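Trainee: Could you have a look at this structure, given as structure tokens, before my questions?
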Amino acid sequence: MRSGERTGPTAPPSAATDRWDALAAVYRVQEPLEARSLAVLLDALTVRAEEAVLDVGTGTGAVPRALARRGRPAEATTVAVDSSPRMLALAARVAGVETRQGDATGLPVPTGSVDVATAAWLLHVLPAPDRVRAVAELVRVLRPGGRLGLVVPAAPRSPGQRLLRAAALRAAGGLGAFRVPEDLPALLADHGLRVRRHRRTGLGYLADVVVCTREPGRGVG
Ligand SMILES: C[S@@+](CC[C@H](N)C(=O)[O-])C[C@H]1O[C@@H](n2cnc3c(N)ncnc32)[C@H](O)[C@@H]1O
């Protein structure tokens with residue numbers, strides 16, 4: 001994944017970025033609750049060492065860290081994008097991570113350069129129009145046949161799940177945490193993404209884990 005080729009438009013810094021920046025120092029405290037969803041995601045993606053990997057909305061680098069723990073070699077660079085400089089500073093500590101500050105709606109990544117893109121716990125925090133742009137960008141950067149792995153919140157079903165979600169919502173202070181992105185299935189279909197795997201995880205945060213492929217001949221580029 002070379003830099004310097006065409007990339008998406010860049011978005012201006014926002015108030016949301018400041019709020020994610022403010023959360024960065026404590027974000028890792030709740031990451032054990034994400035762990036199961038990320039494990040399911042990586043089991044489904046089966047990333048090979050030679051594949052170019054991009055993690056969007058990387059936060060402290062939870063996905064690249066989980067990949068490294070699974071044996072992804074440090075020389076197999078994983079590009080990690082986030083709009084929050086403080087989150088990225090933490091992600092930069094993960095072996096093999098190359099951080100790029102940028103917005104999901106205008107990724108600083110060349111068209112068709114990525115084999116595997118992930119966006120874990122990101123799409124639901126974006127306003128709906130940005131979610132559309134972010135999916136379009138993920139499709140743009142994927143090579144035809146490339147894989148996209150997503151983790152988004154699923155609706156709680158039991159009283160225990162509802163309590164956990166209410167606590168997390170209070171802690172996140174209105175950053176869109178745990179809002180279920182109801183528009184996602186239509187969004188994926190509209191962008192030529194075919195769903196290959198869909199699993200719901202209930203250990204830790206309740207999540208929908210979705211793996212899609214960018215169908216050849218669809219998307220930009
Ligand atoms: C809920 S956290 C998830 C972090 C990580 N993926 C994980 O699973 O732990 C959302 C992350 O997305 C980043 N983010 C929010 N809006 C973004 C945007 N428009 N573009 C890029 N990153 C964004 C935040 O700074 C934050 O680090």
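Trainee: So for the chain, averaging the separation of alpha carbon pairs under 8 Å that are six or more residues apart and normalising by length, what relative contact order in percent results?
Mentor: Relative CO of the chain lands at 23 percent.
Trainee: Next up: Would segment 16-57 count as rounded, prolate or oblate if I go by the C-alpha gyration tensor, calling it rounded below 1.5 in a/c and otherwise prolate when a/b exceeds b/c, oblate otherwise?
Mentor: Taking the square roots of the gyration eigenvalues as a ≥ b ≥ c, segment 16-57 is oblate.
Trainee: Given the C-alpha atoms of segment 44-166, compute the convex hull and give its volume per residue in Å³. Walk me through the numbers on the way to the answer.
Mentor: On the way: hull volume 15.2 nm³, N = 123.
Spread over its residues, the Cα hull of segment 44-166 gives 124 Å³ apiece.
Trainee: Something else about it: Residue separation times 0.36 nm, minus the C-alpha to C-alpha distance between Arg197 and Ala16: what's the value? Don't jump to the answer; show the numbers that get you there.
Mentor: Details: separation 181, 0.36 × 181 = 65.16 nm, distance 3.10 nm.
Here the segment from Arg197 to Ala16 would lengthen by 62.1 nm.
Trainee: Specify which residue in the list Ala66, Ala92, Val125 is farthest towards the positive end of the charge dipole of segment 15-214, using unit charges on the beta carbon of Lys, Arg (+1) and Asp, Glu (-1), about the Cα centre.
Mentor: In segment 15-214, that residue is Ala66.
Trainee: Would you mind getting the accessible area per residue of the chain, heavy atoms of the protein chains only, 1.4 Å probe, in Å²?
Mentor: Roughly 46 Å² per residue, with all protein chains present.
Trainee: In addition: Describe numerically, in nm with one decimal, the distance between label points set 7 Å from Cα along Cα→Cβ at Val29 and at Glu50.
Mentor: Spacing of the two 7 Å Cα→Cβ label points: 4.5 nm.
Trainee: Also, I was wondering about something else. Whenever you get a sec, compute what percent of the accessible area on segment 107-159 sits on carbon and sulfur atoms (1.4 Å probe).
Mentor: Whole-percent figure for carbon plus sulfur exposure: 62.
Trainee: Continuing with the same structure: Quick check for me: using +1 on Lys/Arg Cβ and -1 on Asp/Glu Cβ, what's the dipole size of segment 45-108 about its Cα centre, in debye to the nearest 20?
Mentor: Dipole magnitude for segment 45-108 comes out near 280 debye.
Trainee: In debye, nearest 20, what is the charge dipole magnitude of segment 15-214 about its Cα centre with +1 on Lys and Arg Cβ and -1 on Asp and Glu Cβ, if you could check? It would help to have the intermediate numbers written out before the result.
Mentor: Working: 27 positive and 19 negative charges, 126 e Å.
That gives segment 15-214 a dipole magnitude of about 600 debye.
Trainee: Stokes-Einstein at 4 °C, 1.567 mPa s, Kirkwood radius from Cα pairs: D for the chain in µm² s⁻¹?
Mentor: Value of D from the Cα-based Kirkwood radius: 75 µm²/s.
The values are calculated or read from the model by the stated rules, or taken from the named source; none is laboratory data. Since this is a predicted model, take the numbers as computed values, not measurements. Note that we place each Cβ from the backbone using ideal geometry, even for glycine, and neighbour counts take in every protein chain shown. Ligands, DNA and RNA are stripped out before the accessible areas are found, and what is left, the full protein with its side chains, is counted by its heavy atoms. Shrake-Rupley method; radii C 1.70, N 1.55, O 1.52, S 1.80 Å.
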